[in-house]
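Notes to accompany the following structure.
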Amino acid sequence: MKEESEIDTNLLNDLRIDGRQREDEGGPPRWLWTALAAALLAVLLAGAAWWYLGSRAVVVQTAAVVAASAGNASAGAVLQATGYVTARRLATVSTQITGTLTEVLIEEGDRVQKGQVIARLEDSGLRASLNVAQANFQTTQAQVAHAQAQLAQAEADSRRQSELAASGMLSKQAAEQARTAVATFAALLEARRRESDAARAQMAQAQVNFNYTIVRAPFAGVVTVKAAQVGEIVSPLSAGGGFTRTGVGTIVDMESLEVDVDVNEAYIGQVKPGMPAESVLDAYPDWKLPSHVIAIVPTADRGKATLKVRVALEQKDARLVPDIGVRVSFLGSKPVGAAAAIPTGVLVPAQAVVQRDGQSVVFVVVDGQARQLGVKPAAQPVGSMRLLPDGSGAPKVGDRVVLSPAEALRDGAAVRPESPTH
């Protein structure tokens, strides 16, 4: 019996399943469940990040896509850059005193001359003060004339008294009294003249204050903004509440228009003051304006890695307006032989072309969203621009592309173009 019991025990031990063997044979291992949970968490986090970036509008800098052809690369063009037309002489005209507008004589687009009246303030109080000052001045003038007459009479009396005293017909005391009267009336006349000078100064001050009710154009130009209407209060100082205007209108001297372009710091060595250039407006791509470099502004933009270059326009007409986009080709002394061989297509700034998953792409702003387009840029850059030949998936002329898109920017993300500054 003892032997049979030992055999049964051994058989039971052989039939018992080890824990590790049970896990291997009875279902998926525990590490597989852990891996699946980690993958699901990563997917959820990626989805949350995609939703957050996609729903939040990202502020981006943009530039216009322009047409490229053999004619775009002018002979001798060593560099191209984009920018905006700016006015060196621009003024928001305000009043020098606070008052209510009774007349506004300008509209947007009007041409005005230097000194032309563009608005008037309510002036009844200042007009009354001017009238009082003028009356006071006239009174002092009359007092001066009266004092002059008195002095003349005293001088005549003194001469007669002196003659009579010399002949012994009048006492010396009477002659001295006559001379004293002359001195007295002379002092009185001087006092009246000083009072008249003070009254004249007060009248001039009142006239200046009254003139402040008339707003004049500081220089000849074109009205670009009408900022106030009749009945509104205008003040040279900003007031809280939003009920007081700080300007009547904005005037731009169209003869002072020039171009400000941002040139990548890697290419700024190719630009020199006085260097000839050619400007083309985005709105008029067939209109080429002779230009030249005025100066390189000695300040760099750390965020964009660019320097500002001022370019003078040698021809001007009504098509030139402030803040319009422009592309400038800086011309060298030697023609660029490859210029004539440039195929047709579009040009975009080099900063707009980035790599995503090993492919060159650009982001086009469409209805507030960034749309990713795969492109095949030409190997040879055109100055600071990249050529996207026809048939390479390029955007259309006039589209706005994102400059230096962030690594997190993805197709469909909400974006808001940054307003241009000058």
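Kindly indicate the residue of segment 301-346 that is more than 30 Å from residue 389 (Cβ to Cβ), surrounded by fewer than 14 Cβ atoms within 10 Å (Cβ to Cβ) and among the small types (Gly, Ala, Ser) and also modelled with the highest pLDDT among those meeting that condition.
Looking at residues that are more than 30 Å from residue 389 (Cβ to Cβ), surrounded by fewer than 14 Cβ atoms within 10 Å (Cβ to Cβ) and among the small types (Gly, Ala, Ser), I get 303.
Of the conditions (1) touching a residue at least 40 places away in the same chain (Cβ under 8 Å); (2) part of a loop (DSSP other than H, G, I, E, B), residue 146 satisfies every one except a single condition; which number is it?
If we test residue 146 against (1) touching a residue at least 40 places away in the same chain (Cβ under 8 Å); (2) part of a loop (DSSP other than H, G, I, E, B), just (2) comes out false.
Search segment 235-250 for residues that are at negative phi and pair each with any residue that is surrounded by fewer than 12 Cβ atoms within 10 Å (Cβ to Cβ) and modelled with pLDDT under 85 when their beta-carbon atoms are under 7 Å apart and the residues are at least 6 apart or on different chains.
246/238
Among the numbered conditions (1) exposed (fewer than 13 other Cβ atoms within 10 Å of the Cβ); (2) at pLDDT 85 or above, tell me where residue 351 comes up short.
Residue 351 satisfies every listed condition except (1).
Considering each of 222, 234 in turn, give the residue that is over 30 Å from residue 317 (Cα atoms) and crowded, with 17+ Cβ neighbours inside 10 Å.
234
Can you name the condition, by its number, that residue 299 falls short on among (1) touching a residue at least 40 places away in the same chain (Cβ under 8 Å); (2) of a type in the set (S, T, N, Q); (3) farther than 30 Å from residue 67 by Cβ?
Residue 299 satisfies all of (1) touching a residue at least 40 places away in the same chain (Cβ under 8 Å); (2) of a type in the set (S, T, N, Q); (3) farther than 30 Å from residue 67 by Cβ except (1).
Would you confirm whether any residue within segment 129-138 is without any contact (Cβ under 8 Å) to a residue 60 or more places away in the chain, in a helix (DSSP H, G or I) and surrounded by 14 or more Cβ atoms within 10 Å (Cβ to Cβ)?
no
Could you go through segment 277-287 and let me know if any residue there is over 21 Å from residue 347 (Cβ atoms) and in the same structural domain as residue 317 (by TED's automatic domain parsing).
No: zero hits.
The values are calculated or read from the model by the stated rules, or taken from the named source; none is laboratory data. Everything quoted here is computed from the prediction, not taken from an experiment. Every residue, glycine as well, gets a Cβ built from its backbone with ideal geometry; the counts of neighbours run over all protein chains shown.
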